[in-house]
Every structure is written in structure tokens, then in C-alpha cells.
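The values are calculated or read from the model by the stated rules, or taken from the named source; none is laboratory data. For clarity, every value in this text was computed on a predicted model and none was experimentally measured. Every residue, glycine as well, gets a Cβ built from its backbone with ideal geometry; the counts of neighbours run over all protein chains shown.
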Amino acid sequence: MTMTTLFDPATPPRPEQRPVSDSRHGFSRTDEFTWLRAENWQEVFRDPTLLDAGIRTHLEAENAYQAKLMADTADLQKTLFGEMKGRIKEDDSSVPMKDGPYAYGSSFKLGGEQPRYFRQPREGGEEQILLDGDAEAEGQAYFRLGGIDHSSDHKRLLWAFDDRGSEFFSLRVRDLASGTDLPDQIGDTGGSGVWNSTNDGFFYTRLDANHRPSKVLFHRLGDDPGNDRLIYEENDPGFFMDVAGTRSNEWILIGINDHETSEYRMFSAADPLAEPKLVSPREAGLQYDLEEGGAVFFILTNEGGAKDFKIMTALAENPVRANWKELVPHQPGRLILSILGFKNYLVRLERLDGLPRIVVRDRTTGEEHTISFDEEAFSLGLSGSYEYDTEIMRFSYSSMTTPAQVFDYNMRTRQRELLKTQEVPSGHDASHYITRRLLAQATDGETVPVSLLYHRDTALDGSAPCLLYGYGSYGITIPAAFNTNCLSLVDRGFVYAIAHVRGGKDKGYAWYDQGKRAQKANTFTDFIAVARHLVAEGYTSHDRIVAQGGSAGGMLMGAIANMAPDAFGGIIAEVPFVDVLTTMLDATLPLTPPEWPEWGNPIASVDDYRTIAAYSPYDNVGALDYPPILAVAGLTDPRVTYWEPAKWVARLRERKSGDNPVLFKINMESGHAGASGRFSRLEEIAFSYAFALKVTGKSSATIAT
């Protein structure tokens, strides 16, 4: 059976071609679909009803087309949704985290889409609901909560929300005694704020018209937001910026960074009139982060060629670079990911030999110990702490077969206490599943780690379908963590695989360097090499592999579709960054200048232009027999704008050979993260999984027991 027979015939939308030419560095390109980018795109992010009628008509036609081709999976989607929802404890609750007289946490009510935030007495007792996300979201087509921060006197709650999906967050302040919000409301913020030490005001970032956090301001409660004091303004559009406080409430830190350079400015949380003090000026390639340590700051940095990072210290009153002293030296191949300071201990999360580990250091003696785990592959996370003077540190653990667990760990006694294990109400027996960690050989001889999960009854004779997931950008590592959703595929005979390709930090910082800018092609060839390795080892066959990736991983999907369409039986590209060259040539877009260190600047560099042009998925669509492709996007997405996948899909249909369909599903009421509710998001996942089952001929497959 060929893939095309799995879809009923239907005529796809064919938008009008209006060619527009562009010449740079002696190269010329013509884009026939550039008109799909709304001229008023900035206004559309704030108010989707302002979208041009012609563009809206085309996008609605795309939704009608994919709905027709996927109509026969309607019951399957409902079944998948029911299964995934059944694995979620509907009235789930986090383990409250202690802070002074209270412990703070979040929970969901039965049927609830949005979280509730609560507190209770420190040692347990009746819960007080501080913020009910479902109540706030009532009547909204889209609603997403941002940062939540209670004041150190426990009297107020600073909270943020986005009701468009465009990530322009509004800030509100709730009085916790009355449960009502103060008149103070500030729009166009980055989604969080931090209290000053006297709790009568807070610091926040303001987004400019191009959706960049360009200003840090201080708002005093009761004042007109128009009069908020400017603390710092960043004039370089190539840098992100955020503001945060230390747990001791002593310092406010302004972090400024792109993907390879960072800078901090700091001042006393007690003095909102203070001039921020520069810690170390930005220097191309120099990265550093600050973590409080009482009289000192701990500094995680790559200074002095420490590619996998080292830890320095400096007196908190003057932590300029000249005063940095080495505490934990650089060790090649041991990537220090993050640090957490306590009064008597320093904790670090690091990655060694491809696996994470937690190391605890006694600040007095310098003695270190590692928290050990038994499984072959797993995921770890530091959960943070509200308190600085404590012996208790919290972390999370899971693997592809082990549900998430939350532990409190006593750093002095080295005893761990299991606080919570993720419940799977519909049941989960880890013995039914097998997880493996493979190494696939890349084209240049490197070995690419692969994490696998499959049912114990799945035949490994090449007949099993496979969902192969990849990302490979920004140094982000995709963990081998527990994922209840993918069990709906695994229980139907799928092999679920994660390709840990270059561009992430799975094998250290060098793994990231080897998958960016001039070496970006390694990300794509690694992924293809993993697909071929899985076939060679009998896990699957090429016509049964469905590749999946989102955002920059969606760009990976577009690239491998052009480079090796015969290696895949289907491709799912979610919010795909596929028009890379055009976007990197447009400095007005929200993320373009900060992204140049990751991809290159084709405006200034002919070499960067050539590099990006060689792989940019939209620019390399050809007369190829592509497998069935599903693209998913959100109208108000400021990160990957809707017109990128819209143009890509249109060009694919115009240029490809063969009869395999290209589907485009666009959520007209959401942005980069998709639907905002936890169950609404499951409906989107069920749709993508139904596509994977359909293209592999498994839409009627029975569930293994």
C-alpha cells in the first residue's frame, strides 16, 4: 500500500503567486508567496481580528483541507485524547515548597485546564487558593499564566498573563488577605517581575514594538505605570534581557545575553533608585551567570577557554571580573549546566558521558559527593528553593520508563526523601517497556546518542513504525524523560526514538558548537544517520519512520525533507522555522538580531548568507517525491511567525513531485506554545499522533497489553 492511498483525494489550497525578488551579496532570490506575511503583523499579534481578509481566507482554507484529509481519524483522535487524558491525574498537585511560615504550590481541579496557585501552613494544613487560573481564563479564547512571585512578607502576589498567545504579558498584583487585585496593571511586559526588599514595588521588563525586552523599570504600588522609573535600557537589539532577584532578597540582577555572550548588572533590592553596577562588560563569546552565596557570588563561566564551564567566586560587594577566583576548575567533557547556592552548600547539575548528575559541595570543607542513580539513561532537574539557609535541596528524576519523581535531599545527612511519584491513573507497568541507548555513526565518524522506548512485545524485525524526534539547536538537550503521551504510540507497536543530534549539549559544549552556524549541516546529517542506523539495526524501515520536531526542530524537519525524503515515511513539523534566510535578513522581526550568533548574520556576511541559503528549507524545496508532511502553527506566534510554514507548504505543493499530501493546521487563536490549556494541548498532540498512525498504516492498530 502506498502512502497516497491512505488519504482521500482532495484539492489543496493554491494561493496566488505574487513574485517578489531580492538581491544580496550578488545572489538573487524570488519569493512568490511573500504576500502571506501581513503588513500589519505587529498589530495582528495583539489583535488577530486585524488580519488581512485575503490571508485569513487562505489560512481557513488550509484548515478545511487538512480537516477533510484527516476526517477519517476523528474517532482515533478522540481515542488518543482519552488515553492521554487518562494518564493525567486531573486533580494533580505539586509538592508545596517551604518559605517562612508557609509552603507554596500549584494544583489542578478535576477537569481544569489552568493551574491554581495555593499556600498552606509550613508544616501542612488547610490550603488557601491564591490564584485560580480557570477563573481568570473564563470567557477567553486563549489564556496563559506567566510568572508568579509572592512578596517576602507574604502579603501580595505578583502575577502575569497572556490572553492573545503573542507573549505580550500583563502584570497584576493580588492582595492575599482580600483575594482582590490592586488597580495596578502593566501591559507589554516580558511575563514576570520581582519584588523589591520592602515589597512596596517591583521590577519588570517592558517589551518594545518589535517584542524585545528593551527596558527594566520599577513600579511603585499605587503609582501611574506611565511614571515608572527606568532602571536600565538596552539599546542593542541583538540581546535578550531579564530581571531577577536573589532568594535572600538582597540583590536585583539584570541579565543581558545572546546565544554566546552575557553581561550582568546588579544593585541592592532595598534601593530602587540605585544605579545598576556592571559586573563584567560583554565580550564576544564570554558567558557567565551569577548565583548568590551570602558574602560572595558564585559565577558559572566559560572564561579563559573553559568551554565546558567552571565555577568562580567573588565578594558580593564587588564581583567584577578582576576579583574572580577559581573554585571548581574546568574539566573538558564535564559540562556544568547550572548551580544553586545555599548557606553551607553549593549544588551543581552537570553532564558527563552524556548523562546528567548532581554534585553537592560542602562550602566549609570543599568535600564533594554525587547523588547516584541506577538506570542506564535518565533525566534530572534541580527544582530550586525559596530558602537560602537550609540543608534541604529538591530535585526531580525520571527515565523513559520511570514516571517523574520528586525528592527532598538532605545535603548534610545525604538522605533522600521521595515526596511524590507521578501518578498514571489509567495504570503504568514499567516492566512492559524497554528503553535503550544506542550510538549511531555520523557521516564524519562521530557517534550520535539515541534514546529508545518500545513495548516488550514489539518485533524488532524492521516491521515496527517509529516516531523519531529531534531538535538540535541553542544547546538544548532533549532529556530521556518520562512521557505519558508517547505511550499511545508505543502501545500500538511504535518505537519512540530521540536523536540527540549536534546543536544540543548532549555530549558537552563542543557538541553544540559542532551544530551551529558554519557547521549547522551536522544537525541534519546526524538525524538522517540516526534514521539509517535504526533501519540497519532492525528497529524499523524507512517508509515507517515518522520524523517529528518543533520550532528549530521544525527547521530540522524541513532540512531533512529536502536532503533525504526517501528516508522517511512521514514528517511532522510543528511551528517550523523553515524560512531561515528571509527571517535572518529581516532585522525588524522580534528574534532576528538576537539569533544571529546562532545562525549567522546574512546581512553583514556573504559566508553566512551562503551557509544559510544552502540549507534553509524554504529556499531548497525541489522537485522531489516528499513523504506526507504535516505542518502545525499558531497565528499569533512571535517566535516562528505563521507565514513561514504557510509559505513553505504552498511552495512544497507547487514544486514537489509525487502525490503525497502536505497538510497545514493553524490554530487561529494561539501562538508558539499551541493551545494554552493542558487538555486543549492534548487534542493537538492527538492530531499529530493520528497523522503518524495514519501514514504508517497503523490507525486501526490494537493496543498492546
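Quick one: in the range 169-181, of everything that is hydrophobic (A, V, I, L, M, F, W, C) and surrounded by fewer than 20 Cβ atoms within 10 Å (Cβ to Cβ), which residue is nearest to Gln42 (Cα to Cα)?
First, pick out the residues of the range 169-181 that are hydrophobic (A, V, I, L, M, F, W, C): 169, 171, 173, 176-177.
The next check asks that each one be surrounded by fewer than 20 Cβ atoms within 10 Å (Cβ to Cβ); those that pass are 176-177.
On the way: Leu176: 36, Ala177: 39 Å.
For the range 169-181, the residue satisfying everything is Leu176.
Of all helices (runs of 4 or more DSSP H) completely enclosed by the range 498-617, which ones contain at least 3 residues that are in contact with a Phe, Trp or Tyr (Cβ under 6 Å, 6 or more places away or on another chain)? Talk me through it step by step, then tell me what you get.
Numbers: elements: 509-513, 521-536, 552-563, 580-584, 592-599, 606-615.
So the answer is 552-563.
With free of Cβ contacts under 8 Å to residues at least 60 places away in the same chain and either farther than 20 Å from Ser451 by Cβ or among the hydrophobic types (A, V, I, L, M, F, W, C) (or both) as the only criterion, which of Leu335, Leu419, Leu382 stands out?
On the way: Leu335 fails: free of Cβ contacts under 8 Å to residues at least 60 places away in the same chain; Leu419 fails: free of Cβ contacts under 8 Å to residues at least 60 places away in the same chain.
Selected residue: Leu382, the only one of Leu335, Leu419, Leu382 that is free of Cβ contacts under 8 Å to residues at least 60 places away in the same chain and either farther than 20 Å from Ser451 by Cβ or among the hydrophobic types (A, V, I, L, M, F, W, C) (or both).
For Leu221, which of the numbered conditions (1) on the phi > 0 side of the Ramachandran plot; (2) surrounded by fewer than 16 Cβ atoms within 10 Å (Cβ to Cβ) fails to hold?
Every listed condition holds for Leu221 apart from (1).
Which residues, counting only those in the range 231-254, are free of Cβ contacts under 8 Å to residues at least 24 places away in the same chain and touching a strand residue (DSSP E or B) at 6+ places or on another chain (Cβ under 6 Å)?
Glu233, Glu234
Just for the range 392-422: of the residues that are surrounded by 15 or more Cβ atoms within 10 Å (Cβ to Cβ) and of a type in the set (D, E, K, R), which one is nearest to Ser151 (Cα to Cα)?
The residue in question is Arg394.
Looking at (1) crowded, with 18+ Cβ neighbours inside 10 Å; (2) modelled with pLDDT under 95, which is the one condition that is false for Glu375?
It fails just one condition, (1).
Those residues that are more than 28 Å from Glu260 (Cβ to Cβ), among the aliphatic types (A, V, I, L, M) and either out of contact with any His (no Cβ under 6 Å at 6 or more places or on another chain) or assigned to a strand (DSSP E or B) (or both), I need them from the range 441-490; list them, please.
Going residue by residue through the range 441-490, those that are more than 28 Å from Glu260 (Cβ to Cβ) are 441, 452-468, 482-490.
Then keep just the ones that are among the aliphatic types (A, V, I, L, M); that gives 452-453, 459-460, 464, 467-468, 487, 489-490.
Once the filter is applied, which keeps residues that are more than 28 Å from Glu260 (Cβ to Cβ), among the aliphatic types (A, V, I, L, M) and either out of contact with any His (no Cβ under 6 Å at 6 or more places or on another chain) or assigned to a strand (DSSP E or B) (or both), the range 441-490 yields Leu452, Leu453, Ala459, Leu460, Ala464, Leu467, Leu468, Leu487, Leu489.
Under 6 Å by Cβ, and 6 or more places apart or on different chains, what pairs join a residue from the range 268-296 that is farther than 19 Å from Leu315 by Cβ and in contact (Cβ under 8 Å) with a residue 24 or more places away in the chain with one that is part of a loop (DSSP other than H, G, I, E, B) and of a type in the set (S, T, N, Q)?
Final answer for the pair search is Pro272/Asn196; Arg282/Thr261; Ala284/Thr261; Gln287/Asn302.
Is it true that some residue in the range 117-127 is within 27 Å of the chain's Cα centre (by Cα) and either modelled with pLDDT of 95 or more or assigned to a strand (DSSP E or B) (or both)?
Step one: list which residues in the range 117-127 are within 27 Å of the chain's Cα centre (by Cα), which gives 117-118.
Right, trim to either modelled with pLDDT of 95 or more or assigned to a strand (DSSP E or B) (or both) and you get 117-118.
Within the range 117-127, one or more residues are within 27 Å of the chain's Cα centre (by Cα) and either modelled with pLDDT of 95 or more or assigned to a strand (DSSP E or B) (or both).
Go through (1) touching a helix residue (DSSP H, G or I) at 6+ places or on another chain (Cβ under 8 Å); (2) more than 22 Å from Arg247 (Cβ to Cβ); (3) not assigned by TED's automatic domain parsing to the domain that holds Ser338 and name the single condition Glu303 misses.
Here Glu303 clears every test but (3).
Can you tell which of Ala135, Ala160, Ala177 is among the aliphatic types (A, V, I, L, M), touching a strand residue (DSSP E or B) at 6+ places or on another chain (Cβ under 8 Å) and under 28 Å from Val95 (Cα atoms)? Steps first, please.
On the way: Ala135 fails: touching a strand residue (DSSP E or B) at 6+ places or on another chain (Cβ under 8 Å); Ala177 fails: touching a strand residue (DSSP E or B) at 6+ places or on another chain (Cβ under 8 Å).
Answer to the selection: Ala160.
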